[in-house]
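> Let me begin by handing over the structure; questions about it come next.
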Amino acid sequence: MAERIDLLPTGASPLDHPALQAWSRLTAEPSRVGKVSMLKHRAKSTVYRIESFGQKASLILAKYCRRTVAAHERIVYEEILPGLPIKCPRYYGFVQGDPYDWLFLEYVEGEMYSRQRQDHMVLGGRWLGLLHTLAQRIPAAARFPELAPAHYLDLLRRGHENLSRYLQQVTLPEPDLAAIEKALSLCDSLESHWNHVQRWCECMPRTLVHADFKPKNIVIRSVPDGLELVAFDWEHSRWGILAEDLAYIDLAAYYAVVQHYWRDVTMQDLQFMKIVGMILRGIAEIYWESFKFSPQWEVSTAKIERYQIRMAEVMEELKLGA
């Protein structure tokens, strides 16, 4: 994550920063701080890195987020992850704020997950294999909102609606206009074949899914035995179809784990699920990019064009043509 120093009012002490004040409330001890850096700012949350010289931790990740988001992630960190043999940031606790809440986690240092690194993809396969199979046994996971095909159909329609509206408001150069029109046509084609997508999803296991398993939410760090994967940012996690999680991992590594628990699932089944997952991932990517289209339409158009080409290829593989 790129960082920037979070500025306080002139004359304010670093100890006046809300993140430090909340951390002190959690630890019940004064905090001495090197600096507070803002890592990410969005409508639903702001993420800080704290360099603290207190007794509890030296590098802390502080997430200031909507109460509903904090409550959701607390279930993950407090009730689900402790029962799973997968690596995750150490969870220090939460502090109720007004109107948002604070979550405090270990700040994990390492390199970003790369879809071009086979060793990273293998780690992703093993990690998700353990998550998907063993989380089925944890009652708290099944209390999460359902991730069903209808969720992706809604994203498909809303992304189409957003892009169509922008085309009426913005005059694009011909190549960019053609790229967006291709994406809209692909969305139309996919919706017309949605009964196939729904039928395929109904055959998949239901379990806890991360649902945002992508490089910005994954760190690969070195340990004495080699490399290990640590994933975070669970606000999109759900209970439901696992296809989207499979889009960018090594399936052989995933199968080596799940075959011991899901004996009826074959490697061929997983290959099919991954292809469907790439379509679902593409739907989500186009949907999220449609919100960024204005005013940075040049960047968004380039991304949407890549997503459209990739989705068209996998749709062809499934014989899901226009």
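> Spelling out what I want: for every residue of segment 86-101, take phi, set θ = phi - 60°, compute 6.51 cos²θ - 1.76 cosθ + 1.60 (Karplus), and round to whole Hz; glycine and proline get x.
Calculated HN-Hα couplings, in order: 10, 7, 8, x, 5, 9, 8, x, 9, 9, 6, x, 8, x, 9, 10 Hz.
> Amide H to amide H, which residues 5 or more places from Ile218 or on other chains are under 5 Å from it, using H placed in the peptide plane?
Distant-sequence amide H within range of Ile218: Tyr113.
> Measure nothing fancy, just the Cα-based angle from helix 174-192's long axis to the longest principal axis of the chain, in degrees from 0 to 90, nearest 10.
80
> Using the Cβ atoms and a cut-off under 12 Å, what net charge is assigned to the surroundings of Pro175, where Lys and Arg are +1 and Asp and Glu are -1? All intermediate terms of the calculation are to be shown ahead of the outcome.
Details: positive: Lys182; negative: Glu174, Asp176, Glu181, Glu298, Glu305.
Net charge in that neighbourhood comes out at -4.
> Taking H placed 1.01 Å from N in the peptide plane, check which residues at least 5 places from Asp212 or on another chain put their amide H under 5 Å from its amide H.
Close amide H contacts, sequence-distant or interchain: none at all.
> Further question on the same structure: Assign one of three labels to the chain, namely rounded, prolate or oblate, based on the Cα gyration tensor with a ≥ b ≥ c the square roots of its eigenvalues; rounded applies when a/c is under 1.5, prolate when it is not and a/b is larger than b/c, and oblate otherwise. Don't skip to the answer; put the middle values down first.
Numbers: a/c = 2.07, a/b = 1.33, b/c = 1.55.
In terms of gyration-tensor shape, oblate.
> Separate question: What trypsin sites (Lys or Arg not before Pro) does segment 234-297 have in DSSP loop regions with at most 14 other beta carbons within 10 Å? Could the numbers behind the result be given before it?
Numbers: sites: Arg238, Arg263, Lys274, Arg281, Lys292; in loops: Arg263.
Those that pass, being in a loop and sparsely packed, are Arg263.
> Extension gain Leu167-Leu153, at 0.36 nm per residue separation less the Cα-Cα distance, in nm? Could you put the intermediate results ahead of the total?
Details: separation 14, 0.36 × 14 = 5.04 nm, distance 2.13 nm.
Full-extension gain reported as 2.9 nm.
> Using DSSP to define loop residues, name the chymotrypsin sites (Phe, Trp or Tyr not before Pro) in segment 156-205 whose beta-carbon has at most 12 other beta-carbon atoms within 10 Å. Spell out each step's value before the answer.
Values: sites: Tyr166, Trp194, Trp200; in loops: none.
Of the chymotrypsin sites (Phe, Trp or Tyr not before Pro), not one in the loops of segment 156-205 has a Cβ with at most 12 other Cβ atoms within 10 Å.
> List the pairs from Lys216/Lys274; Lys35/Lys87; Lys40/Lys319; Lys44/Lys214; Lys182/Lys292; Lys63/Lys182 whose alpha-carbon separation is above 30 Å, in the order I gave them.
Result: Lys40/Lys319; Lys63/Lys182 exceed 30 Å.
> When Lys and Arg each count +1 and Asp and Glu each count -1, what net charge do the other residues less than 9 Å away from Leu229, Cβ to Cβ, add up to?
On the way: positive: Lys87, Arg126, Arg221; negative: Glu228.
The answer is +2.
> Another question about this same structure. Along Cα→Cβ, 7 Å out, is where each label goes; now give me the distance between the ones at Leu318 and Glu191 in nm to one decimal.
It is 1.7 nm.
> Tell me, how many Å apart are the Cα centres for segment 161-201 and for segment 232-284?
The two parts, judged by their Cα centres, are 25 Å apart.
> Let me ask you something else. At Thr266 and Arg74, where each label point lies 7 Å from the Cα along Cα→Cβ, what is the point-to-point distance in nanometres?
If labels sit at Thr266 and Arg74, their model points lie 4.7 nm apart.
> So who's got an amide H within less than 5 Å of the one on Gly97, skipping anything under 5 residues away but keeping other chains? H placed 1.01 Å off N, in plane.
Sorted by chain and number, the residues that satisfy this are Trp102.
> Give the residue list of GluC sites (Glu not before Pro) in segment 44-115 that are DSSP loop and have at most 16 other beta-carbon atoms within 10 angstrom.
On the way: sites: Glu51, Glu73, Glu78, Glu79, Glu106, Glu109, Glu111; in loops: Glu109.
For GluC sites (Glu not before Pro) across segment 44-115 that sit outside H, G, I, E and B with at most 16 neighbouring Cβ atoms in 10 Å, the list reads Glu109.
> Based only on other Cβ atoms within 10 Å, what is the fewest-to-most ordering of Val122, Val219? Don't skip to the answer; put the middle values down first.
Numbers: Val122 18, Val219 21.
Ranking Val122, Val219 by Cβ neighbours within 10 Å, fewest first, gives Val122, Val219.
Computed from the coordinates by the stated procedures, all read-outs in this text should not be read as laboratory data. Please read all numbers here as calculations on a predicted model, not as lab measurements. Neighbour counts run over all protein chains shown; Cβ positions are idealised from the backbone, glycine included.
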